[in-house]
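Participant: Next up is a structure, given as structure tokens.
The values are calculated or read from the model by the stated rules, or taken from the named source; none is laboratory data. The shown structure was predicted, so the numbers you read here are calculated from the model rather than taken from an experiment. For neighbour counting, all protein chains shown are included, and Cβ atoms are generated from backbone atoms with ideal geometry for every residue, glycine included. Accessible surface is based on the protein model in full, side chains and every heavy atom, while ligands, DNA and RNA are left aside. Shrake-Rupley method; radii C 1.70, N 1.55, O 1.52, S 1.80 Å.
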Amino acid sequence: MKTKFIQLDCNNIDNTKITEAAEILKQGGLVAFPTETVYGLGADGLNEEASGKIYAAKGRPSDNPLILHISSMKALDALTAGDCSLGRKLAEAFWPGPLTLIFKKSSLVPLTTTGGLDTVAIRMPAHPIAYELIRQAGLYIAAPSANASGRPSPTTAAHVLEDMDGRIDMILDGGSADIGLESTIVDVSAEIPIILRPGYITLEDIIGITGEAEYDKGLLHKPESEDFKPKAPGMKYKHYAPRGQLTIYEGESEAVVRAINQAAEEKLKEGYRVGILATDETLTSYQKGLIKTIGTRKDEKTIAAGLFKILRDFDGEQADYIYSESFYDNHLGQAIMNRLLKAAGYHIEKV
Ligand code: TXA
Ligand code: MG
């Protein structure tokens with residue numbers, strides 16, 4: 001299959017291109033498109049054959065359910081069942097935006113889309129290209145992140161091309177994703193909102209609307225621990241992984257820099273390629289290796305936005321070992337550390 005690559009200007013979207021992409025989706029094809037979180041790989045979410053192609057293109061396990069992307073609140077009536085007042089409150093507060101809500105599903109939603117679950121994940125993205133595409137297709141668009149299963153999520157169209165060239169019909173290039181981490185997932189199918197995946201919308205943001213909310217207990221454990229049963233099936237897989245072995249160093253900044261410099265020196269001597277994931281604040285403190293800054297600690301949004309790109313960049317430079325600083329564990333830092341820990345296979349050195 002030849003993958004069409006189409007560049008679009010977010011401020012002046014060429015409608016004929018969106019129409020072409022919408023047509024592919026209506027005919028059961030696959031189109032990757034930008035959202036404000038990461039790029040998605042879209043297909044008609046109610047067409048089992050079409051969403052089946054997503055699993056094949058990504059090499060994704062079939063028990064890992066897909067998020068349905070919508071462009072209007074009316075979709076909630078069609079896709080959900082039972083009382084969804086809790087979810088509606090959050091939807092009204094944060095949609096369109098980087099929030100995915102899990103509702104009890106209606107009979108309209110096929111079990112192939114939900115990985116056999118009786119719940120459905122729904123998100124209204126805040127990106128002009130995503131919005132126009134969903135609207136013009138007139139469909140509910142099933143879209144996981146547009147990476148090959150196990151690789152870091154794509155934050156640019158070039159990342160999508162790296163993983164999906166020849167496997168999908170079209171890629172819409174709308175520039176770099178603003179947020180760079182996947183949406184916060186909140187289960188609103190029971191009484192209290194439960195965060196299944198941390199993201200840009202934080203626990204505090206959710207509590208601000210509903211008065212209470214908590215993290216899924218499965219999130220706090222390593223995947224191999226006995227009691228780890230995350231409610232989002234996707235959270236149990238090794239994810240976001242670069243090809244090199246990533247280690248996170250935790251501790252006071254100077255000690256971290258010293259330990260990373262020492263580890264890098266040793267591996268370089270053994271002939272390996274070594275990557276160092278630094279911040280603007282520490283960039284000049286590292287001496288040897290492929291030293292890259294992820295962003296500034298003064299603005300954790302830059303760190304979130306740079307994470308998946310920097311992991312792919314280390315892959316591009318064939319780093320065998322990657323050493324990273326760690327980040328704070330509150331607000332957006334929760335989401336950053338969640339992704340970084342998974343990428344590292346929970347490999348942490350405390351110094
Ligand atoms: O920001 C995002 O959410 C991006 C963009 C494209 O919208 N999408 C995304 O999709 O990250 P994906 O498939 O890579 O991650 C979806 C996660 C998976 O961990 C999946 O297991 C979980 O959502 N999920 C989907 N449906 C679910 C359900 N009914 N119950 C629990 N978890 C669910
Ligand atoms: Mg994903």
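Participant: Counting only protein heavy atoms and a 1.4 Å probe, tell me what percentage of the range 101-219's accessible area is made up of carbon and sulfur.
Facilitator: Numbers: 2060 of 4020 Å².
Solvent-exposed carbon and sulfur of the range 101-219 make up 51 percent of the total.
Participant: Taking the alpha-carbon set of the chain, what are its Rg and Dmax in Å?
Facilitator: 20.1, 62
Participant: Now for a different question. Rounded to whole Hz and in sequence order, give me ³J(HN,Hα) for the range 183-199 from the Karplus expression 6.51 cos²θ - 1.76 cosθ + 1.60, θ = phi - 60°, writing x for Gly and Pro.
Facilitator: Residue by residue, the range 183-199 yields 4, 5, 9, 10, 7, 10, 7, 10, 6, 10, x, 10, 7, 8, 8, x, x Hz.
Participant: Further question on the same structure: Ranking request for peptides 73-84, 40-51: highest mean number of other beta-carbon atoms within 10 Å first, then the rest in descending order. Mind dumping the intermediate values first?
Facilitator: Details: 73-84: 15.0, 40-51: 23.5.
Result, highest mean first: 40-51, 73-84.
Participant: Please report the relative contact order for the chain, taking Cα pairs under 8 Å with a sequence separation of at least 6, and give it as a percent rounded to a whole number.
Facilitator: Details: 777 pairs, mean separation 65.7, N = 351.
Relative CO of the chain lands at 19 percent.
Participant: Using only alpha-carbon positions, what ratio does the radius of gyration of the range 1-118 give when scaled by 2.2 N^0.38 Å? Walk me through the intermediate numbers first.
Facilitator: Values: Rg = 15.3 Å, N = 118, 2.2 N^0.38 = 13.5 Å.
Normalised by 2.2 N^0.38 Å, the Cα Rg of the range 1-118 equals 1.14.
Participant: Continuing with the same structure: Would you please name the trypsin sites (Lys or Arg not before Pro) within the range 1-56 that are DSSP coil residues with at most 14 other C-beta atoms within 10 Å of their C-beta?
Facilitator: Values: sites: 2, 4, 17, 26, 53; in loops: 2.
Of the trypsin sites (Lys or Arg not before Pro), the ones in loops of the range 1-56 whose Cβ has at most 14 other Cβ atoms within 10 Å are 2.
Participant: Apply the Karplus parameterisation 6.51 cos²θ - 1.76 cosθ + 1.60, with θ equal to phi minus 60°, to every residue of the range 131-147 and state each ³J(HN,Hα) to the nearest whole Hz, in sequence, with x for glycine and proline.
Facilitator: 4, 4, 5, 5, 5, 5, 5, x, 10, 8, 9, 6, 8, x, 4, 8, 9
Participant: Loop-only check: which GluC sites (Glu not before Pro) in the range 130-198 are DSSP coil with at most 11 other Cβ within 10 angstrom?
Facilitator: When the GluC sites (Glu not before Pro) of the range 130-198 are filtered for loop state and at most 11 Cβ neighbours within 10 Å, 191 remain.
Participant: Can you give the local net charge around residue 41? Use residues other than it whose beta-carbon is closer than 15 angstrom to its beta-carbon, Lys and Arg +1, Asp and Glu -1.
Facilitator: 0
Participant: Still on this structure, I have one more. Which cross-chain or sequence-distant (5 or more) residues have an amide H under 5 Å from the amide H of residue 280, H modelled 1.01 Å from N in plane?
Facilitator: Amide H neighbours of residue 280, under 5 Å, 5+ apart: 294, 295, 296, 297.
Participant: To continue, here is another question. Search the structure for amide H atoms under 5 Å from the amide H of residue 115, placed 1.01 Å from N in the peptide plane, and list their residues when 5 or more places away or on another chain.
Facilitator: So residue 115 has HN proximity to 66.
Participant: Considering only protein heavy atoms, what per residue accessible area in square angstrom results for the chain with a 1.4 angstrom probe? If you can, show how the numbers build up before the last one.
Facilitator: Working: 14910 Å² over 351 residues.
In whole numbers, the chain has 42 Å² accessible per residue.
Participant: Here is a follow-up. So for the range 4-215, taking the charge dipole from beta-carbon charges (+1 Lys/Arg, -1 Asp/Glu), which of 159, 120, 12 sits furthest toward the positive end?
Facilitator: 120
Participant: About its Cα centre, what dipole magnitude does the chain give when the only charges are +1 on Lys and Arg Cβ and -1 on Asp and Glu Cβ, stated in debye to the nearest 20?
Facilitator: Details: 38 positive and 48 negative charges, 126 e Å.
It works out to roughly 600 debye.
Participant: Using only Cα atoms, what Kirkwood radius does the range 245-350 have, in angstroms? Provide the component values of the computation, followed by the final result.
Facilitator: Numbers: mean 1/r = 0.0738 Å⁻¹.
One decimal place: 13.5 Å for the Kirkwood radius.
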